[in-house]
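**Q** Can you read through this structure? Questions will come right after.
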Amino acid sequence: MMWLQFLMLLPFTAAFLPAASKYNAAISSRSNNGAAAVIEATSSSSSSSLQSSSSSDEFTGFGNTGFLILAGGTGSRMKANMPKQFLTLRTCPVLHYSLHLFLEKLPAYCAQKGWTPPAQVVLVMDPKYQPEYQPIVDAYGGKLAFANPGEERQGSVENGLNKLVELTGEEVEYIAVHDSARPLVTIPEILDVVSDAQSVGAAVLGVPCKATIKESDDGVTVQRTIPRARLWEVHTPQVVKVEALLRGFDKVARDNLEVTDDVSIIEALGEPVKLTLGEYTNLKITTPEDMDVA
């Protein structure tokens, strides 16, 4: 497959660091052409391009947070000959942007700030693709591990959560779930949503809905227009206390609930979820047109 040629490649381009973040991070300009090997140590080059103009007293890092990358979907709406996370976006597969961010760029940024890096990264991936990614897992000395996908998203998240708990025990208090089909999430977004979750217990990136939303029972006739002032489009990462998510999955199984995202499980428990303002650029690649936009 064509994507196998890019298996060990990651983009040189750094994660976007817009000034809108409450951590006021900024990034220097870097070249967009070329790629870097995922197994190479890029902390020095990443750190040199990450410049901070302020510091945070309340946030100390990600030592109590594990990251879960969802890459087990089939991407049927993409109408491609492979899952969308393996399609090439510029220089490498879509999935590799998330791997690069959580395994290289975010730890490098934490090192610059004196913060603890992510405790663990779990990659949910179909077993038939895992052998191709085993060299990457081996290269990170236990910091990256596989989990198998479930039949639906909630099953994949539960499998990833169980793997995280198995590997870290009580070391990790929060889990940040990220969809690998969102390759453009920024470091400031991650800082903001994790910080909010640590304050509230659960948080989700989102943006106010800009589109006019119509409701229809049959897909033909408009039933009503839904006021958009109260509507938010939610993104990932979604960050939740591990203990609460474990309780939530027990309730989902007990009450036979269907949930479409991670914080919905916390909502089902009747516990608060903080909306963290994100970026409209954190789009999800779902259809062929999205690849052009990204």
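**Q** Please give the net charge around Val242, taking every other residue with its beta carbon less than 11 angstrom from that of Val242, where Lys and Arg add +1 and Asp and Glu add -1. Intermediate values should be presented prior to the final figure.
**A** On the way: positive: Lys241, Arg247; negative: Glu170, Glu171, Glu173, Glu243.
Local charge sum for Val242: -2.
**Q** For Glu233, tell me the accessible area in Å² from a 1.4 Å probe, rounded to the nearest 10.
**A** Counting only protein heavy atoms, Glu233 exposes about 90 Å² to solvent.
**Q** For region 60-199, what is the percent of antiparallel DSSP beta bridges, rounded to the nearest 5?
**A** Beta bridges within region 60-199, antiparallel portion: roughly 10 percent.
**Q** So, counting K/R as plus one and D/E as minus one, what does the shell of residues with Cβ under 14 Å around Val122 add up to?
**A** -3
**Q** Principal axes first, then extents: for the Cα atoms of region 137-197, list largest minus smallest coordinate on each axis, whole Å, largest first.
**A** 28, 28, 25
**Q** Pairs Lys84/Lys113; Lys128/Lys274; Lys113/Lys210; Lys105/Lys241: which exceed 28 Å Cα-Cα?
**A** Lys84/Lys113; Lys128/Lys274; Lys113/Lys210
**Q** Classify region 158-249 from the C-alpha gyration tensor, please: rounded if a/c falls under 1.5, else prolate or oblate depending on whether a/b exceeds b/c.
**A** On the way: a/c = 2.55, a/b = 1.99, b/c = 1.28.
Cα axes put region 158-249 in the prolate bin.
**Q** Net charge near Tyr97: determine it from the other residues with C-beta under 12 Å of the C-beta of Tyr97, scoring Lys and Arg +1 and Asp and Glu -1.
**A** My count for the surroundings of Tyr97 gives +1.
**Q** Hey, what's region 148-263 come to in accessible area per residue, 1.4 Å probe, Å²?
**A** 49 Å²
**Q** Probe radius 1.4 Å, ligands and nucleic acids left out: which of Lys251, Lys284 has the largest accessible area, and how do the rest follow?
**A** From most exposed to least exposed: Lys284, Lys251.
**Q** Counting DSSP beta bridges in region 197-294, what percent are antiparallel, to the nearest 5?
**A** Percentage antiparallel, nearest 5: 70.
The values are calculated or read from the model by the stated rules, or taken from the named source; none is laboratory data. For clarity, every value in this text was computed on a predicted model and none was experimentally measured. Because the Cβ atoms are built from the backbone with ideal geometry, glycine has one as well, and the counts that use them run over all protein chains shown. With ligands, DNA and RNA removed, areas are computed over all heavy atoms of the protein, side chains included. Shrake-Rupley method; radii C 1.70, N 1.55, O 1.52, S 1.80 Å.
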